[in-house]
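Contents: one structure, followed by commentary.
Values quoted throughout were computed directly from the atomic coordinates according to the rules given, and no laboratory measurement underlies them. Please read these numbers as outputs of a predicted model, since none were measured by experiment. Because the Cβ atoms are built from the backbone with ideal geometry, glycine has one as well, and the counts that use them run over all protein chains shown.
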Amino acid sequence: MCPRNPRPDLAAPLEGMGIKMNIENMVKSSRCVQCGMCSFVCPVKAVSMVFNKKRGFYFPRVSRSLCVDCGKCCKYCPAFHNDKKNTLMGSYENLLLAHSNNMHIRRGSTSGGVINELIRYLIEKKIVKAAIVTAASPYSPVLAEPVVINENNIHELLERPRDFASRYVSVPVLSKLREVKKYKGRIAVVGTPCQINALSMEGIYPMEVIKIGIACSGGMSCQATEQYKRYMHLPKAAMYYRGEGWPGKNSLKSKESVLEFPHQGSLFERMFTSQIFKNPACRHCHDQFAENADISFCDFWNRAEMNSEKDGNSCVIIRNQLMLPIFQGAVEEKRIDIVRSLREEEVIETQMQVLKMKKGNMHENLKFKIFMHLIDIIFRFKLYRIFRFRIYQKFCSFYGRLCSESEIDLAED
Ligand SMILES: Cc1cc2nc3c(=O)[nH]c(=O)nc-3n(C[C@H](O)[C@H](O)[C@H](O)COP(=O)(O)OP(=O)(O)OC[C@H]3O[C@@H](n4cnc5c(N)ncnc54)[C@H](O)[C@@H]3O)c2cc1C
């Protein structure tokens with residue numbers, strides 16, 4: 001928990017938000033991005049990430065008997081450090097369209113399986129000792145959890161790539177940092193922009209970390225998955241959001257059956273885009289492409305690509321001199337195939353709707369404020385339980401219109 005007598009350097013950003021000095025207040029003020037960093041930095045293990053079933057998110061819980069008021073949980077909370085940068089994508093050295101050369105991984109992954117392939121390359125070549133990734137939970141058909149991959153369990157990435165593809169739920173990835181400390185060497189972490197931003201703060205982690213970012217339009221409540229499964233009358237089935245080619249399928253797998261729909265235009269995709277299940281904290285995010293990562297990944301939602309591509313390609317944003325030779329090494333070993341170079345404008349265009357939300361002036365729009373208020377009520381009172389495809393579609397269309405009205409205003413340097 002943060003100090004009762006706030007230190008001036010911590011108080012300033014908090015005062016700006018009009019909230020008191022307590023990491024639990026991040027939850028109350030809907031600012032918690034559920035990254036798990038507070039639980040890692042707490043020197044007395046007073047903070048734990050606890051799943052809130054009603055809201056469908058993990059939130060930090062502080063044990064008051066253990067807390068020593070050191071303030072670290074607030075100091076390293078990325079919600080305090082999310083200034084808008086003056087770029088749309090962040091700086092980079094190379095921009096590529098690529099895929100894993102292993103067809104099982106390529107088709108089982110979210111886009112081109114390059115993250116999966118890169119993690120295996122990093123561990124096999126001993127460039128890192130371990131990596132934190134996210135996987136479908138073996139204990140719950142809804143939850144996903146952070147998992148440490150090392151040379152002993154690396155085969156799982158190859159055997160079950162779909163378990164390690166994008167899970168459209170919020171996952172406290174950084175809570176696993178405590179476990180990887182024992183490796184005493186370089187590690188890799190795959191995370192969303194907020195998680196990468198938390199990791200990028202100075203003095204946060206004693207060892208070197210390769211930061212692998214994924215683009216993110218917002219963390220999702222597990223309630224979306226629960227609701228989707230209820231619609232489909234398969235409440236116990238395990239959900240796979242993407243994979244089985246590109247753009248992939250939403251699959252519900254139970255012992256008796258497998259129900260699948262193409263992700264694009266599906267009910268689940270409409271639920272995702274309607275914003276009803278998104279974490280309200282993500283409305284304050286200004287980073288779509290994990291600008292502080294060493295390498296970032298996203299889907300290439302280009303019209304021609306969507307018409308022609310069936311197996312999947314990842315858009316790769318190599319950001320620095322550390323990652324250039326490593327990525328080149330994976331290409332030379334024929335683990336990753338480069339399809340072509342990409343132009344920044346092409347990539348930006350494919351993510352324009354989210355960029356308008358994250359980098360634009362949408363928050364000043366009264367219609368946007370009313371819309372957000374409305375979806376908060378719908379989520380809180382579970383009114384979505386009576387919604388069908390067409391209603392979600394209407395929310396998506398309205399949100400799309402609001403985004404198109406937004407003007408991008410980048411911060412001055
Ligand atoms: C909530 C969410 C929103 C996203 N929004 C966008 C978007 O707006 N635009 C876009 O282009 N791409 C988005 N992505 C990223 C996209 O889905 C792919 O992850 C990306 O294209 C990389 O694909 P790949 O085949 O190379 O990766 P894969 O080889 O499939 O690897 C995916 C990696 O993502 C990690 N991961 C999976 N789920 C989570 C999670 N919930 N939290 C943290 N890490 C996770 C896993 O550790 C895995 O290593 C989003 C992903 C998530 C999880």
**Request:** Rounded to whole Å and ordered largest first, report the semi-axes of the equivalent ellipsoid of the chain derived from its Cα gyration tensor (root of 5λ).
**Result:** 29, 27, 23
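With the contact rule set at Cα under 8 Å and sequence spacing of 6 or more, what percent relative contact order holds for the chain? Please list the in-between numbers first.
On the way: 813 pairs, mean separation 81.6, N = 413.
Contact order relative to length: 20 percent.
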**Fill in**
Per DSSP loop assignment and a cutoff of at most 14 other beta carbons within 10 Å, the chain keeps its longest run without exposed GluC sites (Glu not before Pro) at 1-92
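Past 31 Å, Cα to Cα: identify those pairs from LYS129/LYS255; LYS181/LYS356; LYS359/LYS394; LYS253/LYS394; LYS84/LYS129, in the order given.
Working: LYS129/LYS255 36 Å; LYS181/LYS356 38 Å; LYS359/LYS394 24 Å; LYS253/LYS394 29 Å; LYS84/LYS129 33 Å.
Pairs exceeding the cut-off: LYS129/LYS255; LYS181/LYS356; LYS84/LYS129.
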**Asked** So who's got an amide H within less than 5 Å of the one on ILE336, skipping anything under 5 residues away but keeping other chains? H placed 1.01 Å off N, in plane.
**Response** ASN101, VAL331
**Request:** Could you pull the Rg and Dmax for the range 55-146, using just the Cα atoms, both in Å?
**Result:** 19.0, 52
**Message:** Need one number: nm distance between label points at PHE51 and GLU405, each 7 Å from Cα along Cα→Cβ, rounded to one decimal.
**Reply:** 3.9 nm
**Request:** Read phi for every residue in the range 274-290 and hand back ³J(HN,Hα) as whole Hz from Karplus 6.51 cos²θ - 1.76 cosθ + 1.60, θ = phi - 60°, with x for Gly and Pro.
**Result:** 5, 6, 4, 9, 6, 5, x, 4, 5, 5, 9, 7, 10, 10, 8, 9, 6
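What do you get when you divide the Cα radius of gyration of the range 204-249 by 2.2 N^0.38 Å, with N the number of residues?
Details: Rg = 16.1 Å, N = 46, 2.2 N^0.38 = 9.4 Å.
For the range 204-249, the normalised Cα radius of gyration comes out at 1.71.
Rounding to the nearest 20 debye, state how big the charge dipole of the chain is about its Cα centre with +1 on each Lys and Arg Cβ and -1 on each Asp and Glu Cβ.
On the way: 60 positive and 42 negative charges, 396 e Å.
Roughly 1900 debye for the chain.
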**Prompt:** Once the Cα atoms of the range 209-326 are picked out, what are the Rg and Dmax in Å?
**Reply:** 16.5, 50
